[in-house]
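Scroll down for the structure; my scribbles are underneath it.
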Amino acid sequence: MAAPPAKAAPLGAAETLVQGQGGEALPILYSFRRCPYAMRARLAIAASGLRCELREVALRDKPPALLEASPKGTVPVLVDRDGSVIDESLDIMLWALRRRDPGGWLRAEIGGLDDMLAVVEQCDGDFKRRLDRYKYPQRYGDVSGAAYRDAAVPWLASLDAMLESRLFLFGNRPALADMATAPFIRQFAHVDKEWFASQPWARLQNWLAGWMQSPLFSQIMLKFPPWKAGEPGRLFPPASPTA
Ligand SMILES: N[C@@H](CCC(=O)N[C@@H](CS)C(=O)NCC(=O)O)C(=O)O
């Protein structure tokens, strides 16, 4: 996990146009709709009940304000109201859920937070490396995508086994581990939907389908136009599904 948040310049007047219900400036989230890391950050923010100003980023044309806040240039990035910057998706999830966690995502029914974080680490490490090479073999010197797909099978099968006696990875309600991994497993499933559907992982397939059909998923996948400097971002989650 990242070091303590760095400080960015406090928000200027032009950046405070999206306001919370009490008229206060909101934390800013730089995000990209289809990025699985940004998706997990939006999931936690939406589940927490917090609100932020969402600035949709075009990755090919990153706004200077994003790079100023976090020179490494990845999304998601959260700039809190005091100027603190959090530029790791898992840290943004924890930031939101430690403030408000009405669904108990940090308190799984089975095991503790460390057990969930261990699964997230497996996802972000070996699984993500294999996912990238399976999805984009040409970016990695034309490696065999199928070999990387197959190397990911034991981990996915282990998740399926966890779901044998419960609906979610750590109990009968969703928690951090489900929400931090689901965007990546969705990406993996979508590389070759037929192949994924043909695997003997009915429980994992149902878990994924259930998540993708959930109102929370619809809420975090709403489309926003790219943010332009000097303009307000969008309220996230929106006040109404069409806002
Ligand atoms: N470890 C970071 C990874 C974030 C990341 O790699 N995001 C990708 C998009 S999915 C990105 O911004 N890549 C930079 C680029 O494509 O220019 C996190 O968890 O937030």
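Every number here is computed from the coordinates shown, using simple stated rules; none is lab data. Quick caveat, the model's predicted, so the values are computed rather than measured. Heads up, the Cβs are rebuilt from the backbone with ideal geometry, glycines too, and the neighbour counts pull from every protein chain shown.
Find how much the distance from ARG33 to SER165 grows on full extension, using 0.36 nm per residue of separation minus their present alpha carbon separation; answer in nm with one decimal. Show your work: numbers first, answer last.
On the way: separation 132, 0.36 × 132 = 47.52 nm, distance 3.29 nm.
Between ARG33 and SER165, full extension yields an extra 44.2 nm.
With a 10 Å Cβ neighbour count serving as the proxy for reagent exposure, in which order, fewest first, do CYS123, CYS35 appear?
On the way: CYS123 23, CYS35 19.
Ascending Cβ contact count within 10 Å gives the list CYS35, CYS123.
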| said: If the only charges are +1 at each Lys and Arg Cβ and -1 at each Asp and Glu Cβ, what is the size of the charge dipole of region 113-215 around the Cα centre, to the nearest 20 debye? | reply: 260 debye
| Unit charges at the beta carbon, dipole of the chain: most positive-side option, ALA157, ALA38, ALA177 | ALA38
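How would VAL153, VAL119 line up from fewest to most surrounding beta-carbon atoms within 10 angstrom? Can you show the working numbers first?
Values: VAL153 12, VAL119 22.
Result, fewest neighbours first: VAL153, VAL119.
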| query | Could you name the lysines in cross-link range of LYS72, using Cα to Cα under 28 Å and dropping any fewer than eight places away on the same chain? | reply | LYS7, LYS62, LYS128, LYS135, LYS223, LYS228
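Can you sort GLU88, GLU109 so the residue with the fewest Cβ neighbours within 10 Å comes first? Mind showing how you got there, number by number?
Details: GLU88 22, GLU109 12.
The fewest-first ordering by Cβ neighbours comes to GLU109, GLU88.
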| message | Rounding to the nearest 10 and keeping the result within 0 to 90°, find how far the Cα-based axis of helix 36-48 lies from the longest principal axis of the chain. | response | 70 degrees
| query | How many nm separate the modelled label positions at ARG81 and ALA58, each set 7 Å beyond the Cα in the direction of the Cβ? | reply | 3.3 nm
| remark: Given 128-136, 50-58, 190-198, the highest-first ranking by average Cβ count within 10 Å works out to 50-58, 128-136, 190-198
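Compute, for the chain, the length of the dipole vector about the Cα centre, with Cβ point charges of +1 (Lys, Arg) and -1 (Asp, Glu) only. Units Debye, rounded to 20. Don't jump to the answer; show the numbers that get you there.
On the way: 30 positive and 27 negative charges, 101 e Å.
Here the size comes out at about 480 debye.
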| If you take the Cα Rg of region 113-215 and divide it by 2.2 N^0.38 Å, with N the number of residues, what do you get? | 1.05
| remark: Note: the chain at 20 °C, 1.002 mPa s; Kirkwood Rh on alpha carbon pairs; Stokes-Einstein D in µm²/s works out to 114 µm²/s
